[in-house]
Amino acid sequence: MSAGFEIGDGYACYRGPVADSAAHRHAAFQVAIAVRGEVAMLDASGTCHRAAALVVPPMTWHRMLAAPDLRTYFVDPQCAFADRLRGCRGVTPADELRDLDEELLRPAAARTSGELDPRLVAAMDAVWDLAMPELAARVGLSPQRLRALARAQLGMPLTRWRVWARLRRAAEALRAGRSLAEAALTAGFADQAHLTRWMREMMGLTPAAVLPALRGQSRHAV
């Protein structure tokens, strides 16, 4: 079947077939939902988790297993919908989310989290090109306090979030028809190889594997 990839305010979603991925960890929450049957993935210990829907918190090593038809959502950790996912530890069954769709997700994804420190959210929004001292000064914190806040509330350093945000920007550029090299530079990566390394690290895939889904072409993807 043809694959589709959409990018919204606070989330991205993919619908279609998936192939086995390499082990990876991303900076967003992932909600993977089987259209029929169960979705399956391996965690860092090699344990296989199966359910109608699985949630993967940020920075959790996992590997997707092949499925013929899947809906998967990447939810930004600073949005309000992420607040209902923060209790997950490791790959977690979430059958209550099996009916999640964009209509249900979109309003909460567009709102800011009520649980994260507003200064951290502001830093996440401004993380693109500022060094840590400048970023911390902008939100009224010391660099040490901002680093500690990110690790405590996000479970990751802001540098990881910056890479994820740049991957999102690269995906938007690819979807708009830019070449891989152009998308890499537009998103702040040094070159196409730099983009490829980070996409493999954070999504278990290469840009070439994701490209058909971004452009609505038929091929196994995310």
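The values are calculated or read from the model by the stated rules, or taken from the named source; none is laboratory data. Everything quoted here is computed from the prediction, not taken from an experiment. In this analysis, Cβ positions are derived from the backbone assuming ideal geometry, glycine residues included, and neighbour counts consider all displayed protein chains. Keep in mind that these areas ignore ligands, DNA and RNA; they rest on the heavy atoms of the full protein, side chains included. Shrake-Rupley method; radii C 1.70, N 1.55, O 1.52, S 1.80 Å.
A few comments on the model shown:
- Filtered residue count, the range 109-147, keeping only those that are in contact (Cβ under 8 Å) with a residue 60 or more places away in the chain and open to solvent by less than 40 Å² (accessible area, probe 1.4 Å): 1
- Any hit, the range 144-151, residues being closer than 30 Å to Pro17 by Cβ and in contact with a helix residue (DSSP H, G or I) (Cβ under 9 Å, 6 or more places away or on another chain): no
- Gly90 meets each of the listed conditions (1) of a type outside the set (Lys, Arg); (2) open to solvent by 20 Å² or more (accessible area, probe 1.4 Å); (3) at negative phi; (4) touching a Ser or Thr at 6+ places or on another chain (Cβ under 8 Å) apart from (3).
- Verdict on Arg25 being among the basic types (Lys, Arg), out of contact with any Asp or Glu (no Cβ under 7 Å at 6 or more places or on another chain) and at pLDDT 90 or above: yes
- Subset of the range 201-210 (residues that are closer than 20 Å to Ala27 by Cα, assigned to a helix (DSSP H, G or I) and out of contact with any strand residue (DSSP E or B) (no Cβ under 7 Å at 6 or more places or on another chain)): Pro207
- Residues of the range 165-204 satisfying the condition of being within 19 Å of Arg63 (Cβ to Cβ) and either open to solvent by less than 20 Å² (accessible area, probe 1.4 Å) or charged (D, E, K, R) (or both): Leu167, Arg197, Met199, Arg200, Glu201, Met202, Gly204
- Among residues of the range 5-63, those that are buried (at least 18 other Cβ atoms within 10 Å of the Cβ), of a type in the set (Val, Ile, Thr) and either touching a residue at least 60 places away in the same chain (Cβ under 8 Å) or in contact with a strand residue (DSSP E or B) (Cβ under 7 Å, 6 or more places away or on another chain) (or both), counted: 6
- Among the residues of the range 148-161, those identified as open to solvent by 50 Å² or more (accessible area, probe 1.4 Å) and within 17 Å of Asp125 (Cβ to Cβ) are Gln153, Thr159.
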